[in-house]
Amino acid sequence: MEKKKIVVSGIRPTGNIHLGNYFGAIRNFVRMQDEYQCYFFIADYHSLTTHPHPEHLRQNVKQILATYVACGMDPEKVAIYVQSDLPETAELYLILNMNVYLGELMRCTSFKEKAKQYWGQLRKELVEDLSSGEGQEEKAGKAEKEGNKAHVSAGLLTYPTLMAADILIHKADFVPVGKDQEQHLEMTRAFAHRFNSVYGVDCFGQPQAFNFGENLIKIPGLDGSGKMGKSESGNNAIFLTDEDAVIRKKIMRATTDSGPVEMNQQKPEAIANLFQLVRVLCGEEAFREFDAAYNRCDIRYGDMKKQLAEDTIKFVSPFRARIGEILSDDAFLEKIRRQGQEKARESAVRTVREVRGIIGF
């Protein structure tokens, strides 16, 4: 029997799962669980770069666990585990860092963007200090009152190494990643190749990005541009735990315009995004009806939003109910977590034992 290819993917526990997460990733993970050997983890180590409150971190981990299972992931088929339950990941992260170069980490796009924000803030504060004539004592007192400001941590700098450890610990063949993570996957391949070269071994392979092809559906946000995400207001996304009234309110507030002024005109981005949501959640027939109305300059956005809201509620309600059921059963959640940890550690221990032997520990 041919050995199954290995797939690894993780998600940061930063709150509820929205429709973009579901259609963009989770639904495809569920489809993969019979064909591949899957390790799906909750990246709580990674979340420490934003210093979440311990209570929030614990609750968010539970929330993601419950949502994964509610969406159809089978703990008997896949390893659903929490990153911090695998101490081997931290050890491999440390070992890989010994052969990772400072320059390549500093050139990472996500780090450069964060560093740019930090230095911009620092320059602004310096100008303010010089103009106000504040002394160091007054400045320190103000900083203490205002609390921690933006910073660039070593954890953020070495984020790509930790991601590499997550992937290489299971010797993954494929990693489903978005466009914003492709650079990190390239770095993972570079770190794996370098380890092999330094020690003259063939320990790690070259994990590739997994392409869902036709199964990849991009879900736009409700604010008229980009993709659905966790904005501060939460109005850009529909979460799988949103109540009916909340869903209606969010969709009725979705960005639109005054309507087309000529027949068959091209839709602006915000309107095209709304039609994409209709296509995904209401179906092709409803999409064609509203599209025809738009093309003849007879579209009523209010009617379209009402149908979109009701069809979204029908879609979300079963997930919300199932997530609630699972969250109320702590024993079941703990069983899933331990079961996933056992599966993941079996793979991780084997890899780290091999790596330690190669190094000479």
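The values are calculated or read from the model by the stated rules, or taken from the named source; none is laboratory data. Remember, it's a predicted structure, so these values are computed and weren't measured experimentally. We place every Cβ from the backbone using ideal geometry, glycine too, and count neighbours over all the protein chains shown. Ligands, DNA and RNA are stripped out before the accessible areas are found, and what is left, the full protein with its side chains, is counted by its heavy atoms. Shrake-Rupley method; radii C 1.70, N 1.55, O 1.52, S 1.80 Å.
Which pairs break 18 Å Cα to Cα here: Lys171/Lys218; Lys114/Lys218; Lys5/Lys62; Lys250/Lys305; Lys267/Lys305? Please list the in-between numbers first.
On the way: Lys171/Lys218 28 Å; Lys114/Lys218 26 Å; Lys5/Lys62 28 Å; Lys250/Lys305 10 Å; Lys267/Lys305 16 Å.
In this structure, Lys171/Lys218; Lys114/Lys218; Lys5/Lys62 exceed 18 Å between Cα atoms.
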query = Gaussian network model of the chain, Cα springs within a sub-10 Å range: biggest mean-square fluctuation belongs to which of Gln265, Gln206, Gln341?
reply = Gln265
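For region 217-356, what does the alpha-carbon gyration tensor say about shape, rounded, prolate or oblate, given a ≥ b ≥ c as the root eigenvalues, a/c under 1.5 as rounded, and a/b over b/c as prolate? Mind dumping the intermediate values first?
On the way: a/c = 3.18, a/b = 2.18, b/c = 1.46.
Prolate is the answer for region 217-356, as a/c is 1.5 or above and a/b outweighs b/c.
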task = Measure nothing but the geometry: give the 0 to 90° angle between the long axis through the Cα atoms of 87-97 and the longest principal axis through the Cα atoms of the chain, rounded to 10°.
result = 80 degrees
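What 222 nm value per residue comes from the helices of the chain, counting each DSSP H run with n ≥ 4 as -39,500 (n - 2.57) and dividing by all residues, nearest 500 deg cm²/dmol?
Values: 15 runs with 202 residues, N = 361.
My calculation for the chain gives -18000 deg cm²/dmol from helical runs alone.
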inquiry  = Compute the helix-to-body angle for 284-295: its Cα long axis versus the longest principal axis of the chain, expressed 0 to 90° and rounded to tens.
reply    = 60 degrees
Net charge, Glu104 excluded, C-beta distance under 14 Å - Lys, Arg +1, Asp, Glu -1 = +3
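Counting only DSSP beta bridges with both residues in the chain, tell me the antiparallel percent, nearest 5. Each step should come with its number before you reach the end.
Values: 2 of 15 bridges.
The answer is about 15 percent antiparallel.
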task = Would you mind finding the longest exposed-site-free stretch of the chain, with exposed GluC sites (Glu not before Pro) meaning DSSP loop and at most 11 other Cβ atoms within 10 Å?
result = 77-231
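Remind me, relative contact order of the chain in percent, using alpha carbon pairs under 8 angstrom and six or more residues apart?
Values: 467 pairs, mean separation 87.0, N = 361.
It comes to 24 percent, rounded to a whole number.
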task = Amide H neighbours of Gln208 under 5 Å, at least 5 residues apart or on other chains, H built in the peptide plane: list them.
result = Phe174, Val175
Sites matching chymotrypsin sites (Phe, Trp or Tyr not before Pro) across region 295-351 that sit in DSSP coil, with at most 10 neighbouring C-beta atoms within 10 Å = none
query = Which of Gly221, Pro268, Ser9 sits closest to the plus end of the dipole of the chain, meaning its Cα is farthest towards the positive end, when Lys and Arg get +1 and Asp and Glu get -1 on the C-beta?
reply = Ser9
ask   = Using the alpha-carbon centroid of each, what span in Å lies between region 244-318 and region 182-198?
value = 44 Å
note = Length gained, Glu342-Glu269, 0.36 nm per residue minus C-alpha separation, equals 21.6 nm
Dipole of the chain, positive direction: furthest Cα of Val349, Gly283, Ala25, with charges on the beta-carbon = Val349
query = Tilt of helix 269-282 relative to the longest C-alpha principal axis of the chain, in degrees (0 to 90, nearest 10)?
reply = 90 degrees
task = Could you pull out every residue, at least 5 positions away or on a different chain, whose amide H is within less than 5 Å of the one on Gly10? Hs are placed 1.01 Å off N in the peptide plane, and Pro or chain starts have none.
result = Phe41
Distance histogram for the chain (every C-alpha pair counted, 20 angstrom bins, percent rounded to whole numbers) = 25, 50, 24, 1
message = I'd like the Karplus ³J(HN,Hα) series for region 247-260: coefficients 6.51, -1.76, 1.60, θ = phi - 60°, whole numbers in Hz, and an x wherever there's a Gly or Pro.
response = 4, 4, 4, 5, 5, 5, 8, 4, 5, 9, 10, 7, x, x
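State whether region 288-361 is rounded, prolate or oblate according to the following rule on the C-alpha gyration tensor (a ≥ b ≥ c being the square roots of its eigenvalues): a/c under 1.5 gives rounded; otherwise a/b larger than b/c gives prolate, and the remaining case gives oblate. Mind showing how you got there, number by number?
Details: a/c = 7.85, a/b = 2.33, b/c = 3.37.
Oblate shape, in that a/c is at least 1.5 and b/c is the bigger or equal ratio.
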message = Taking a virtual spin label 7 Å from the Cα of Ile217 along the C-beta vector, which residues in region 61-101 bring their backbone nitrogen under 17 Å of it?
response = 71-73
message = Given a 1.4 angstrom probe, I'd like the percentage of the accessible area of region 25-127 that is carbon and sulfur, rounded to a whole number.
response = 57 percent
ask   = Stokes-Einstein at 10 °C, 1.306 mPa s, Kirkwood radius from Cα pairs: D for region 299-342 in µm² s⁻¹?
value = 122 µm²/s
Spin-label zone in region 48-66 - amide nitrogen under 18 Å from a point set 7 Å from the Cα of Glu243 along the C-beta vector = none
